[in-house]
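Down below is the structure, laid out as structure tokens.
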Amino acid sequence: MSVPAGADLAEPVVLRLHGTDADAVAWGSLLVEVGANARATVVVEHSGSATYGSHVSVVAGDGAHVDFVSVQNWADDAVHGGHLAIRVGRDAVVRGIVATLNGAAVRLVQTVDYDGPGGDAELIGAYLAETGQHIEHRILVPSIIATVVAYAVFAAITGCGVLIPSPPPHVRTDSPDPHPGRSPILCGCPSRP
């Protein structure tokens, strides 16, 4: 899907992906392009039964403002492995929000790359996991541009009743912390023998 340069979408664009059979493997690829100086909110909702491998690319043009939301509310038998690749243009702002509410196994990896200085990426995520589910969110921001901002916060609410801090997401940048005093954190259930 494409948002033209300079456009300002007043309403979110919602894409609904619904699986009907967890025994059949499905592959999906989605490209979201938001042109220079455009504003858009894009929501992708996953539901139903599926064994699904996905690749989503979000490309924010120079000066664009993009809120991208991915919701995984699969059926109990669904398996989803996916990659969300975000490319931030010069002086663009991208907020990536990922929430996993259900599924047998959901493993998502997010990466952020920058096309120029002044880019700002904020990654926010949460998941709910019950006993027997495998839910995992990972992020990687390998920027080496000194004038970009990257910040990530992820949390888990698990059936084990506790939140245990784990190592933070891998964010490598030489830019100043836009939220001093707040540390990125990844939480999860302690491992069981």
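The values are calculated or read from the model by the stated rules, or taken from the named source; none is laboratory data. Values in this document were obtained by computation on a predicted structure and should not be read as measured data. Cβ placement follows ideal geometry from the backbone for every residue including glycine, while neighbour counts extend to all protein chains displayed. These area figures cover heavy atoms from the full protein model, side chains too; ligands, DNA and RNA do not enter into them. Shrake-Rupley method; radii C 1.70, N 1.55, O 1.52, S 1.80 Å.
For region 80-89, the candidate set comprises residues that are out of contact with any His (no Cβ under 9 Å at 6 or more places or on another chain) and either open to solvent by 50 Å² or more (accessible area, probe 1.4 Å) or not β-branched (Val, Ile, Thr) (or both); within that set, the residue that is nearest to GLN133 (Cα to Cα) is GLY81.
Apart from one condition, ASP62 fits all of (1) at pLDDT 90 or above; (2) open to solvent by 40 Å² or more (accessible area, probe 1.4 Å); (3) in contact with a strand residue (DSSP E or B) (Cβ under 9 Å, 6 or more places away or on another chain); the exception is (3).
The criterion of being open to solvent by 50 Å² or more (accessible area, probe 1.4 Å), in contact with a strand residue (DSSP E or B) (Cβ under 9 Å, 6 or more places away or on another chain), modelled with pLDDT under 95 and not β-branched (Val, Ile, Thr) does not hold for ARG16. Within region 90-133, the residues that satisfy the criterion of being open to solvent by 10 Å² or more (accessible area, probe 1.4 Å), over 21 Å from VAL69 (Cβ atoms) and in contact with a Lys or Arg (Cβ under 7 Å, 6 or more places away or on another chain) are ASP115, PRO117, GLY118. Scanning region 45-59 for residues that are over 21 Å from PRO117 (Cα atoms), of a type in the set (A, V, I, L, M, F, W, C) and part of a loop (DSSP other than H, G, I, E, B) turns up nothing.
Taking region 98-126 as the range and being touching an Asp or Glu at 6+ places or on another chain (Cβ under 7 Å), in a loop (DSSP other than H, G, I, E, B) and at pLDDT 90 or above as the test, only ALA104 passes.
For ASP21, state whether it is open to solvent by 20 Å² or more (accessible area, probe 1.4 Å) and either assigned to a strand (DSSP E or B) or free of Cβ contacts under 8 Å to residues at least 40 places away in the same chain (or both). Against the criterion (open to solvent by 20 Å² or more (accessible area, probe 1.4 Å) and either assigned to a strand (DSSP E or B) or free of Cβ contacts under 8 Å to residues at least 40 places away in the same chain (or both)), ASP21 qualifies.
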